[in-house]
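What follows is one structure encoded as C-alpha cells, with my remarks underneath.
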Amino acid sequence: MRNILIAIASIFFIVSCGKDKSKNQRILSESSGKINDLAVVVDNDLWEGAVGEGIRDVLAAPVYGLPQDEPLFHLSQMPPSVFTGFAKRGRIVLKIEKGNEADVKIAKDVFARPQKVVVVSGLTDDEIVNQLKENASRIVSALKSEEIKERQRRTKISLHKNNSIKENLGISIEFPSAYRIAKEDNDFYWIRKDITTGTTNLMVYEMPYGSITENDSLVNQIIRMRDSIGKVHIPGPLDGSFMITENKYAPFISKTTIDDKPAYETRGLWDVKNAFMSGPFVNYIIEDQQNNRLLVVEGFAFAPSVEKRDYMFELESIIKSIRFE
C-alpha cells in the first residue's frame, strides 16, 4: 500500500511540473515574409528625417558586386501604432526607440519564430543615427544571417541528391533539385539552374594548398585562377569564347569562414571573352589545411535586364551550407 501511495504521489509531481513548465513556454506564431524584406518600426516623423536617412544608408545600401544598384534589404516602414497582430510576424525587424539610452540590442524570437529583432535606441535623433552607423556591420550581419538560414530552410524542401560531390570532394553541399550537374570533370563540378532570363550557376573544385597566398598581389592571383578555370571549363556561345573576370570593375575581397574554416570571399563581375555576356559572381576560397588543399566554390548568375540580388543571395546561401566530411 505504501509503494502505491508513493507511485501516485510521483505521478502527481511529474504532472504538476509539466504544467508549470508549459506555463513558462510562450507559444509563438510562425514568422513570415519574403527573403530580405525588413520591417522597420519607426515613427513617421523620424522616418522622414535624419533617422530615416540613417536607416536607409545602412540597410538599403547597394549590394557590392552587382552590375546595378540593388539594396541589401527591402524596407517596409510602419509606425509603432500599427505594429500589431500579423505585422509582428515579420522574420526580420528593426525597431527604433527614441527617448531611451543609446544602445543596440539584438533579440531572437520575440514575437514569432524564427525571428531576429534589432532595437536601436537613443535620447536624440543624432544618438540613434550614430548607433546605426557605429553598429552597421553588426546589425547587417545579424539580419543577413537570419535570412541565410531561411533561404537554406527553403532549399531543404527539395534537395538535389543524385551527385558524387561528397564522394569525390569530401564535402556536403545542399542545393535545390531544380539545379542540374552540367559538367563533372574529375574533381571539377559545374552546377546550373535555368531561370526565366538565363541561368544561375555554381562551380566547385580544388586547388593545391598554398597556391593562393595573402600578399599585395592577392587580387591578381584570384583573377588569374578564375580566368584559367573559365578558359578550360566555362565556354561562351562562340568559338574561342570563355568566361573571364571583368577588368573594369575591381573585385572586392574580404575574409570570412565557411564551416569554421578560414576563407577569402571575392565579389565582382564576370564577362565572356569575345562575346556580349556578363553578370555578378561571388567566389570563396576555403583553406582546408587538413586535406592539404584549397576548396574553391563560386556562384555566378546570367540574368540580363532583371535584378540579380536574390539570385546571388540564393547562391551564397548554398555555398554557406558546405560541410566538410
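Quick note: the coordinates plus some simple rules give every number you see, no bench work behind them. This structure is a prediction, so every number in the text was calculated from the model and none was measured. A quick note on method: Cβ atoms are made from the backbone with ideal geometry, for glycine too, and the neighbour counts reach across all protein chains shown.
Given a 10 angstrom Cα cut-off, can you work out which residue in E298, E134, E146 is the most mobile in a GNM of the chain?
E134
Among the lysines, which fall within straight-line cross-link reach of K88, defined as a Cα-Cα distance under 21 Å, with same-chain neighbours fewer than 8 residues apart omitted?
In chain and number order, the partners are K34, K98, K105, K108, K116, K144, K149.
What is the projected area of the convex hull of the Cα atoms of the stretch 99-234, averaged over all directions, in nm²?
Directional mean of the projected Cα hull area for the stretch 99-234 stands at 13.4 nm².
Counting only helical runs of four or more DSSP H residues, what would the 222 nm mean residue ellipticity of the chain come to if each run contributes -39,500 (n - 2.57) and the total is spread over all its residues?
Roughly -9500 deg cm²/dmol at 222 nm, from the helical runs in the chain.
Using the Cα centre of the stretch 65-187 as the reference point, and only Cβ charges (+1 on K/R, -1 on D/E), how large is the resulting charge dipole? Debye, rounded to the nearest 20.
It works out to roughly 720 debye.
If the cut-off is 29 Å between C-alpha atoms, which lysines fall inside it for K231, apart from same-chain ones fewer than 8 positions away?
K161, K166, K183, K193, K248, K255, K261, K273, K308, K320
Could you give log10 I(q)/I(0) at q = 0.18 Å⁻¹ for the stretch 158-298, computed by the Debye formula over C-alpha point scatterers of equal weight, without solvent?
One equal scatterer on each Cα of the stretch 158-298 leads to -1.16.
Mind listing P(r) for the chain? All alpha-carbon pairs, 20 Å bins, whole percents.
27, 47, 21, 4, 0
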